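A.B. asks: First the structure, then my questions, so here it is.
The values are calculated or read from the model by the stated rules, or taken from the named source; none is laboratory data. Source: prediction; values computed, not measured. Quick note on the areas: whole protein, heavy atoms, side chains included, nothing else; ligands and nucleic acids left out. Shrake-Rupley method; radii C 1.70, N 1.55, O 1.52, S 1.80 Å.
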Amino acid sequence: MEFFIAINGQQQGPFTVEALRGQHITPDTLVWAQGMSNWMPASQVGELQSLFSQAQYQQPANMGGSPYQQAGPQQPAADMIAKPVEDVTSSLDDGSIYRKWMPTVYLVLGFVACILPVLYIIKIAGQDRISGLMIVVAVVNIIVFLAAGIIALFYWMNRRKTVKALIDNPETSTLQIVGHFLQSIGECLGVLYYGSMSVAAIITGVFGGIAGKLRFGDIISNSLGGAAENIIIGVIVLCLGRFLGEIAKKTRKEE
């Protein structure tokens, strides 16, 4: 293994361990080699311990300054890039990134769920003409979506407490945490999102049919048809989320 050393704030090397004997480094000399995450005093590097076994060594010139401050383009830039990437990939592998950020994700999703009424208002505002009856429909739908958003907010806050308890338990696996998240997504989308969309479809179909002077059979067909589509999708999403959550629960370690 070859080492770089810092002399008077300037990077020198690389040197083999034997070559470093002639450099008269001290235990406080900063050194770096491929694979090290940062510059370290030579006394803390196992491969260099033999250099300080003698009772006497020559004190070199002033070792002031860090090579990261003055070495410029000579510093090992490849390692500076590789280390953060390695940290991220290792945190993904061991699951620490899920444990650290998952409660925050739950919090964010709780507030995101409240923007559904805003999206509906934007959709309504983009229409050229709205009759008086359809304005009433729009207001009712906004109330429905707003209620669903508020319920979703409290739902995610409650689920956030649960996932924090899972994270604090050392016996919890990463798969359990991810499974809890997928189950929560399925429940929120399947029940609250598609449920509110189904109610809105019925309201819009009924009052829209009345405004368009459609026959009673067509009104029922249009309203129930739009609601049925959302209900079917909601049930599928809900069941899929619950299924993944139950699989994750089976991974809990036996005491």
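A.B. asks: Between Phe15 and residues 5 or more places away or on another chain, which pairs have amide H atoms under 5 Å apart, with H built 1.01 Å from N, and which residues are they?
C.D. replies: Placed amide hydrogens put Phe3, Phe4 under 5 Å from Phe15.
A.B. asks: Long-range amide H contacts for Val31: which residues qualify at under 5 Å (H placed 1.01 Å from N, peptide plane, sequence gap of 5 or more or a different chain)?
C.D. replies: Distant-sequence amide H within range of Val31: Met40, Ala42.
A.B. asks: With every protein chain kept in the model, how would you rank Leu119, Leu48, Leu189 by accessible area, 1.4 Å probe, largest at the top?
C.D. replies: Values: Leu119 100, Leu48 0, Leu189 70 Å².
Result of the area sort, largest leading: Leu119, Leu189, Leu48.
A.B. asks: Accessible area of Lys249, 1.4 Å probe, to the nearest 10 Å²?
C.D. replies: Ignoring ligands and nucleic acids, Lys249 comes out at about 90 Å².
A.B. asks: Leaving out ligands and nucleic acids, note down the accessible area per residue over the stretch 130-255 with a 1.4 angstrom probe, in whole Å². Write down the numbers at each step before the final one.
C.D. replies: Details: 7260 Å² over 126 residues.
Computed with neighbouring chains in place, this is 58 Å² per residue.
A.B. asks: Still on this structure, I have one more. Across the Cα atoms of the stretch 141-255, what radius of gyration and what greatest pairwise Cα-Cα distance (Dmax) are found, in Å?
C.D. replies: Here Rg and the maximum Cα pair distance are 18.8, 66 Å.
A.B. asks: Whole angstrom only: what separates the Cα centroid of the stretch 174-194 from the Cα centroid of the stretch 195-214?
C.D. replies: 29 Å
A.B. asks: Using θ = phi - 60° and the Karplus curve 6.51 cos²θ - 1.76 cosθ + 1.60, what whole-Hz ³J(HN,Hα) does each residue of the stretch 160-167 get, with Gly and Pro shown as x?
C.D. replies: 5, 4, 5, 5, 5, 5, 5, 5
A.B. asks: Here is a follow-up. For the stretch 119-212, give the percent of accessible area contributed by carbon and sulfur heavy atoms, probe 1.4 Å, rounded to a whole number.
C.D. replies: Values: 3580 of 4990 Å².
Solvent-exposed carbon and sulfur of the stretch 119-212 make up 72 percent of the total.
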